[in-house]
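Read the figures in this text as sums done on the coordinates, not as results from a lab. None of these values were measured; they are calculated from a predicted model. Virtual Cβ from ideal backbone geometry, glycine too; neighbours counted across all protein chains shown.
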Amino acid sequence: MRTTGVIARGILTPIFQEGDDVVRMVCDCVTNAAQAEGFSLADGDIIGITEAVVGRAQGNYATTAQIATDIRRKFGGGGLGIVFPILSRNRFSVLLRGIVMAASPHKLQVQLSYPADEVGNELISRDLVDAKGVNPYSDSFSLEEFRKTFGRDTAHPFTGIDYIEYYRGFGDIELLFSNDPRTILRHTQNVLVCDIHTRKRTQRILREADPRANVLCMDDILCQSVDGSGFSEYGLLGSNKATEDKVKLFPRDTRAVVDGVQARMRALTGKRIEALVYGDGCFKDPQGGIWELADPVVSPAYTPGLAGTPNEIKIKYVADNELAHLSGEALAAALKERIQQKEASLVGNMRAEGTTPRQISDLVGSLCDLVSGSGDRGTPVVLVQNYFKNYASEA
């Protein structure tokens, strides 16, 4: 009798280096772990590989000089502005260094959203905005006006970094504070949109406001190699700081990686194992209000078995409603029968029974991100088992 549900194991691996065979190393680490620790692999198991190891093995890096070169080519020189960058040393500081180089000898216009950036990093508290009688949907500020209105206490609540002063330290920069993207057009017609998940809306608003403006998004930069750089279909989106003048880009050709892992695991074990490459999980920190998804997607590639949304019922909803008259073994048996009926149908009645239809790849990718972490655990590969089993599954 089965007594456990979903199991997620972080798999220890060597440090991946440029040129490594990711498919071979991942599969060997998983099968070696199973043998060493005495667990079995089964059909429906899932192997998650963090995007960082794929990008490292590909050597998918770019320098600030290469970033600047591509921006100059695509904007044709002249003044330049950026709108809605996130506040991050890891995610944006090196990109900002390259953008400042591209704008030189002109001043770079940098428009920040407030009271927080797109992913929840606060410049100032929302309570302070309310206390000052400011309407963040319409009120815009220069740096001097922003400091006069809100004061100088703009340190990040977690890191202690004052991102206003930190970003100003990257060169000849003029800061603007506004949640209306059109504010930047008062200063320049060359605009690089730096928000992540709302970028296409921001770009559309700017282009409609000024059809003459040259408005590009970060996925338009380094979507092809420049002077020997790495590149990605997501351009600069999803990049991470590697050194003070180099970033690791989001990996490319990731479908070949997951297909390769699935094929090699079939050859090694005879099992059909799903695979995905994952980046940030899509979850929000309830204390700091920071939304962790700074990558453009949770998973850039996954095998077909991870496509779509779960077809499931909400056990507690069914138990509290149509089976409320039952308890104990009778309730358990009725729930299992209800699940089996659902599995026999093409579509589960998810809305009526209270479940939320999220994408399987987003759910599994978020689980993998939580298990692997982003620090020193040394487990950039995660094995998820029993994910597709439910209360009615016997083995």
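Miscellaneous remarks
- Zone of THR159's modelled label, taken as backbone nitrogen in segment 219-257 under 12 Å from a point 7 Å along Cα→Cβ: 241
- Packing-based ranking of 111-123, 374-386 yields 111-123, 374-386, ordered from highest to lowest mean Cβ neighbour count within 10 Å.
- Cα-based helix-to-principal-axis angle, 360-372 vs the chain, degrees rounded to 10: 80
- Note on the chain: antiparallel DSSP beta bridges, both residues inside, total approximately 50 percent of the bridges counted.
- Cross-link reach list, lysines versus LYS241, counting only Cα pairs under 29 Å and skipping chain neighbours closer than eight places: LYS74, LYS107, LYS200, LYS284
- Cross-link reach list, lysines versus LYS271, counting only Cα pairs under 29 Å and skipping chain neighbours closer than eight places: LYS336, LYS342, LYS389
- The packing ranking of peptides 326-334, 188-196, 54-62, 148-156, highest mean first, is 188-196, 54-62, 148-156, 326-334, where packing means the average number of other beta carbon atoms within 10 angstrom of each residue.
- Between helix 199-209 and the chain there is an angle of about 40 degrees, using the helix long axis and the longest principal axis of the Cα atoms.
- Unit Cα scatterers, Debye sum, the chain: log10 I(q)/I(0) for q = 0.12 Å⁻¹: -1.00
- To the nearest ten degrees, helix 22-37 and the longest principal axis of the Cα atoms of the chain are 40 degrees apart.
- For segment 261-332: relative contact order, % (alpha-carbon pairs under 8 angstrom, 6 or more apart): 23
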